[in-house]
Structure formats: C-alpha cells, structure tokens
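Here the structure is laid out as structure tokens; the discussion comes afterwards.
The values are calculated or read from the model by the stated rules, or taken from the named source; none is laboratory data. Only a predicted model underlies this, so the values are computations on that prediction, with no experimental measurement involved. No Cβ is skipped: glycine too gets one built from the backbone with ideal geometry, and neighbour counts run over all protein chains shown. Heavy atoms of the whole protein, side chains included, go into the accessibility calculation; ligands, DNA and RNA do not. Shrake-Rupley method; radii C 1.70, N 1.55, O 1.52, S 1.80 Å.
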Amino acid sequence: MTLVSRAPRVEASVLDDGLVPRLHQELEEFLAHAPDTAPEVGGALADLVLAGGKRVRPTFAWWGWRAAGGPVEGPAADATVRALVALELLQGCALVHDDVMDRSATRRGRPTVHTAFAARHHRGRWAGDSRHYGDSVAVLVGDLALAWADDALAGAGLDPAALARAREPWRAMRTEMIAGQHLDLLAGARREESLEKALRVARLKTAAYTVERPLHLGAALADARPELVDALRSYGRDVGVAFQLRDDLLGVFGDTEVTGKPVGDDLREGKRTALMALALGLARTAHRPHAARLLRDCLEGHGVSDRTVTEVGELLRDLGAVDAVEERIGSLVEQALRTVDLVEPAEPVRLALGALAAKATERRW
C-alpha cells in the first residue's frame, strides 16, 4: 500500500466539489430569513460571517460526508450543505467571544464586534462605559450565533435518522470548544509553561472543533461505518493540532494579510502557546536565564513593543523552538495520512484529505 506523502501538491480541482459557493448561498439564505427581532445584533453577526473566512470546518465536514459515500449532488447533498451552515455560525460565536477575551482590535481586516460597538457608544456619547457596552453586545452577538447554529442544523431538512446521528458530534463539538477556551484562559491565569497542557488546549480548542468533529459530523450524516469514523477522527486530531501549531507560528511571524491580525499579536496578548512552552523548555535546558526571562516578560505583557516582537521572534529561532514546531507539524501530518490510508478510501477522498492536510498546516488556504 502506498502512503500519501506529507503536504502533497495537488491541483485545486481535487477539492472542487462546488461546496464553497453553495455554502455561501445557503448561509445568505439562512441569514435573510432569520428572525429580525434584534436587527443590530443579527446584522453584526451577518456582517462577520459573510465577510469572508476560509470555510475550513464545513470543508472538512463535507469531505467526511464524501468519505462515507455521501453524494455530491441531490436532495441529501443539498440538505447536508444547509446543515454545514451551522458550522459557520458556530465559528461566528467562537470568534466574537474569543476576540473579547483576547482584547483583539481587528478580525478579518476590520474592527472586531466589541470594538465596533464600543466605538458606536463613544461616538453617540451614550450613558455608561463604552468598553463595557461593546463587550456586552459582543457577548449577545456570540450567543445569537450559537442559537442560530442549532436552528440551522435542525432546520436543514435532513433525514430524521441523519439528524439523530449528527447529534453526538454536534453536542461534543460545542462542549469541547468551550472547554478548550476555558483551558486557554486558565493557562494564562496560572502562568502555565507546560507543553503537555498547551497541546491539550490545542487538541480541544482547535483540533476537535476545527477538524476532528466536523469530519465526524459529515461522516455521521452519511452513516459511515465505525472504523472509518475512528480513522477520520484520528486524522482530524493530528491535523487539527498541526493546524494550531502553524497558527502559533503565524501568531508571531505571520503576515497580516493572511491572518487578518497585526504581526506578533499572540505575543502582545501573552498567549501560552505550545511554541512558547517549547521555547521556555529549551531555554531552561540550555541554561539561558536571560532568554527565559525575556519570554516570561513577553507572556506577562511587559512592554511588548514592535522591537520586543522582533527580539522574541529571533530568540524563538535561535533556541530551536521554530524548528521543533515545524518538525512536529510534519510528524503529525505524516501520522494523520498513514491513519487514513489504512481504511483505503476512494481515490478522490484520499487525495482530498491529503490536500486538506497540506492547506491547513501550510496555510495555503
């Protein structure tokens, strides 16, 4: 049996089942017919989810559906695409709440929801504190996104048996997303430096929510056999963690046009990433207390200027942390593709999963 090589270079047409335009159309349709009881809150959500995004989660879910024999066209496929709207709305919830917690000013190249509403409050000279108002409305926008995500799944027109099968991954995904976010907050509060704990956050907050459970959801909708579900979930865990590790690197070295956030934003926010945990461990092993102190000062948010971002970036390379993360990304992708290959998926699915792993972990999305 020939294994798929890591990050295979394949034509974009391998992934072109016409999903993204179909999904965007269904997303617009859902939002156009959503209740208008809270138009400003709903409008802010619509602006966010229609403003772009890579549609990563629906894409993985679609290929979980295809891996289990789900058709490209027809009533069942149409209902599945409508169901995947739920994943984009769930992502909207996560993004809005995450931006409040991280105090992020921009998202997808535009002001974050809490920032925009705070600015509106300030311009109008309304009563109370502008920042508190902005945060409060953002919480409501995120809550509405979560509620509408449930509505989108329930109202997609799925066969009752398919909807019943979808409940397990859907319930798990929502809970794991919240658990991972809490562990991320806890890591900062406790000043965690453990690589193991950073990877646990990555598994829950990113891997399960971004890759593993969407694949599980799509496969469940198509009534996949248990061994295929297990293989897809294993692939999803590995690719999802690799995706987060790439995100850690982009959070320090990334291009604003790719990330939609300022360069070095993770350093300014003091995020306890696996990259920083690895660097601290390497600094201790190399008996470099000055390096460890600089890293900890950065995590504490002590004067993280543009110069500090540059210095920490150079230090991460010098310690070997960047190379170590790159090596781990490669190993995870290799392992993921070996796992999938063992269940001998059809050629289009095998190629698509290889291409998805490459896009997710090299950020060619």
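Rounded to the nearest 0.05, what FRET efficiency do Ala161 and Arg288 give with R0 = 45 Å and r taken as the Cβ-Cβ distance? Could you check?
0.15
Using the scaling law 2.2 N^0.38 Å as the reference, what is the normalised Cα Rg of the stretch 35-152?
Normalised Rg, Cα atoms only: 1.23.
State whether the stretch 181-312 is rounded, prolate or oblate according to the following rule on the C-alpha gyration tensor (a ≥ b ≥ c being the square roots of its eigenvalues): a/c under 1.5 gives rounded; otherwise a/b larger than b/c gives prolate, and the remaining case gives oblate. Numbers along the way, then the final one.
Working: a/c = 2.78, a/b = 2.02, b/c = 1.38.
Prolate shape, in that a/c is at least 1.5 and a/b is the bigger ratio.
Hey, what's the per residue convex hull volume over the C-alpha atoms of the stretch 131-185, in cubic angstrom?
64
Hey, which of these cross-link pairs are over 20 Å Cα-Cα: Lys197/Lys271; Lys54/Lys197; Lys197/Lys359?
In this structure, Lys54/Lys197; Lys197/Lys359 exceed 20 Å between Cα atoms.
Using just the helices of the chain, give the 222 nm mean residue ellipticity in deg cm²/dmol: DSSP H runs with n ≥ 4 each add -39,500 (n - 2.57), and the total is spread over all residues, rounded to 500.
-23500 deg cm²/dmol
So what does Asp341 come to for accessible area, using a 1.4 Å probe and Å² rounded to 10?
10
Using the Karplus curve 6.51 cos²θ - 1.76 cosθ + 1.60 with θ = phi - 60°, work out ³J(HN,Hα) for each residue of the stretch 77-84 in order, rounded to whole Hz, and write x for Gly and Pro.
5, 4, 5, 5, 4, 4, 5, 6
With a 1.4 Å probe and every protein chain left in place, work out the accessible area per residue of the chain in Å², rounded to a whole number.
Computed with neighbouring chains in place, this is 45 Å² per residue.
Between Glu347 and Thr37, what is the label-point separation in nm under the 7 Å Cα-to-beta-carbon projection?
In this crude label model, Thr37 to Glu347 measures out at 5.3 nm.
Per the Kirkwood formula on distinct C-alpha pairs, the Rh of the stretch 264-326 is how many angstrom? Mind showing how you got there, number by number?
Working: mean 1/r = 0.0883 Å⁻¹.
Final number for the Kirkwood radius of the stretch 264-326 is 11.3 Å.
For a quick check of your reading of the filter: which trypsin sites (Lys or Arg not before Pro) in the stretch 179-213 sit in a DSSP loop and have no more than 14 other Cβ atoms within 10 Å?
Answer in residue order: Arg190, Arg191.
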